[in-house]
Amino acid sequence: MRDAGTVRMFSTALLVLLLMQGGRADEKGGISKIVERGKWLVMLGGCADCHAPKVFGPEGPVPDTTRFLSGSPAGTKVPDIPFDAMGPDKWGALTTPDLTMWAGPWGVSFAMNLTPDVATGLGSWTPEMFMKALRTGKHMGEGRPILPPMPWPAIGQLKESDLRAIFAYLRTLKPIANAIHEPIAPPAMHAPGDGKGKK
């Protein structure tokens, strides 16, 4: 028969394991409050507007639940970009119909894979890296700039507990392997009106 100390130690180890797996369950076996809050913040923040590929129905594009928050679909051809349509007195940005690719003065950006896939998503990230990225505007907290339209300056103002809750919720998603396209720099120069830019 096990003593109380052994049972307590086993229970603590089990809880730590569950939390390391993204807070999938609390002590009562339900979804933890931190994950519930993270999910609420993700829905409130409209993260799926850009980070989820879309399917098109009678009411227009809606997030594809089979690829939820997996980012701009790999292998999607980047449409020709009419850079001459953008400017101070023209359009400020253009986007694809599913809102996962954006073009503007910064070049072309692609919505990131937010699922916990290790190779292509957030699976190798720590909560600290996630918070640092959203507070500095740097990929993985110290890499390339996070490009528009990602509203990292606003999201980065959330308190630490909320950012940790978002990360905990994202860790509960189904990992989806989807290597997004690298950002494309803005054209260095193009002839006026030719609509072409160097990619």
Handout entry: Check on Ala119, more than 17 Å from Leu170 (Cβ to Cβ), of a type in the set (Gly, Ala, Ser), in contact (Cβ under 8 Å) with a residue 40 or more places away in the chain and surrounded by fewer than 20 Cβ atoms within 10 Å (Cβ to Cβ)
Key = no
Practice task
Output yes when any residue across segment 165-177 is in contact with a Cys (Cβ under 8 Å, 6 or more places away or on another chain), modelled with pLDDT of 95 or more and surrounded by 13 or more Cβ atoms within 10 Å (Cβ to Cβ), and no when none is.
Solution key: no
Practice task
Would you please list the contacts, defined by Cβ atoms under 8 Å and residues six or more apart or on different chains, that run from a residue in segment 43-59 that is assigned by TED's automatic domain parsing to the domain that holds Met112 to a residue that is in a loop (DSSP other than H, G, I, E, B) and charged (D, E, K, R)?
Solution key: Ala52/Asp64; Pro53/Asp64; Pro53/Asp98; Lys54/Asp64; Lys54/Asp98; Val55/Asp64
Practice task
Would you point out which residue out of Trp106, Trp102 is within 15 Å of Met150 (Cβ to Cβ), surrounded by 14 or more Cβ atoms within 10 Å (Cβ to Cβ) and either of a type in the set (Val, Ile, Thr) or modelled with pLDDT under 95 (or both)?
Solution key: Trp106
Fill in the blank from the handout: Here the residues within segment 107-159 that are on the phi < 0 side of the Ramachandran plot and of a type in the set (Gly, Ala, Ser) are Ser109, Ala111, Ala119, Gly121, Gly123, Ser124, Ala133, Gly143, Ala154, Gly156
Problem - Top-ranked residue in segment 142-164 [being among the basic types (Lys, Arg) and out of contact with any helix residue (DSSP H, G or I) (no Cβ under 9 Å at 6 or more places or on another chain); ranked as modelled with the highest pLDDT] - result: Lys159
Handout entry: Verdict on Ala93 being at pLDDT 95 or above and of a type in the set (Gly, Ala, Ser)
Key = no
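The values are calculated or read from the model by the stated rules, or taken from the named source; none is laboratory data. What you see is a predicted model, and the numbers here were worked out from it, not measured in a lab. Ideal geometry is used to build each Cβ from the backbone, glycine not excepted, and the neighbour counts take in all protein chains shown.
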